[in-house]
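Trainee: Structure provided below as structure tokens; questions to follow.
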Amino acid sequence: MRRLIAGSLVAACVSAPTAVAATPAPAGPWDGKRPFACKMQDVGSGTGFQDPAAEPFCVKFDKTHQNISQLGIADFVLKEPARVAAAVNKCQYFQKDHWTGRIVQDQAGSEVYNFSGRYYFDKSSGAGGAFIKNLRVLGQKVDPSSYPGIPAAFKPYFTKNGGGAHVDFKLPGTPLCTAGEKTASAVASRQAAAADDYYTTPTTPTKPKPDKRCPNVKGKVSSKGIGKAKIGAKAGDIKRALGAPGKTGADLYRYCTTTSGGRLVIGFRGTTSAYVGTNVEKVKLDGVSVGDKTSDAEKKLKKVKQEGSLLLVKDGKANLVLATKGKTIESVGVADSKLSGSLLKKFANQSG
């Protein structure tokens, strides 16, 4: 149990974008205040995120059902991998949670441990932090710094009343995340970071001016891309052609379109675009468009290869891609043939 608590205190350190040989010294205290202007997604004790593609990605978990009597601790352990997977590819991540472990769920006297935590990482700047409050063990208030596993450099930032520290890893930012940070909207978003609604008095943040536009996506899918969105282009070239994306991730850009409800997704391998896809109906792929029946699409296309919910048509060094849901085409696109199957599925699903 001591390892569990100690591990949570340095969660931000192990979530850094690049592995380091040892935990770096903290850059200073952190009061747990939300570092990004973002909408908190409260998923309770589950993993049903309202917007899995959000960036920054800010979530709240209820981890107060880690009991023995109803196997709550087992349920908690089984759900943690999905929570980690949702966070790992984000550029900016913030989490708040409340942990309680009991022998019997509804018996306060059987409490083993309790604490509330805050954690964040920012791959654009190489920073992260951890904060803890109300740590109790067997019903007694405890100073987090007294636990084995807490790095000595962190101990001055914790007391019985809680505390936290942030770290500057002094590492180069993830390329796509760093590129996104340079846009005016991203900088304004960081400057207008929302006031914490849990440990401090809420205030109204300054609303950043949007620095994006919705491109007019039309034409047809080819092995080179869709319109100005090209396969094999650098991230900077994509932004010069299409403007600042509405949302960014560690490996993709997502744009709104002039067509209501439309989206355009650019997926990257490194800093080079390897996928372009859209759900705009007027974009054609060999005569097939979004909304067509899957059976009709298979009749129109030649040498179709099915991989799960995707239909692929080889075109030179690229694969033309149709993402399906049930009996309907949800998105059309094109991908570098060397793009991994897992990334292709991820990007195609984001397009639909």
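Where a number appears in this text, it was derived from the coordinates with a stated rule and is not lab data. Note that the structure is predicted; figures quoted are calculated from it, not measured. Counting neighbours? That spans all protein chains shown, and the Cβs are built from the backbone with ideal geometry, glycine included.
Trainee: Find the relative contact order for the range 306-352 and round it to a whole percent, using C-alpha pairs within less than 8 Å whose residues are 6+ positions apart.
Mentor: Across the range 306-352, relative contact order equals 30 percent.
Trainee: Once the Cβ-Cβ distance between Val304 and Arg213 is put in as r, and R0 is 45 Å, what FRET efficiency do you end up with, to the nearest 0.05?
Mentor: For R0 = 45 Å, the calculated efficiency reads 0.80.
Trainee: Next question. Compare the Cα positions of Gln306, Asn279, Ala335 along the charge dipole of the range 250-352 (+1 at Cβ of Lys, Arg; -1 at Cβ of Asp, Glu; about the Cα centre) and return the one farthest towards the positive end.
Mentor: Gln306
Trainee: How many nm is it between the label spots at Lys234 and Thr159, if each spot is 7 Å from the Cα in line with the beta carbon?
Mentor: Result: 5.1 nm between the two label points.
Trainee: When the convex hull of the Cα atoms of the range 76-171 is projected onto a plane and the area is averaged over all directions, what value comes out in nm²?
Mentor: 7.3
Trainee: If you don't mind, there's one more thing I want to ask. Can you give me the C-alpha center-to-center distance between the range 224-281 and the range 81-107, rounded to a whole angstrom?
Mentor: Centre-to-centre (Cα) distance: 31 Å.
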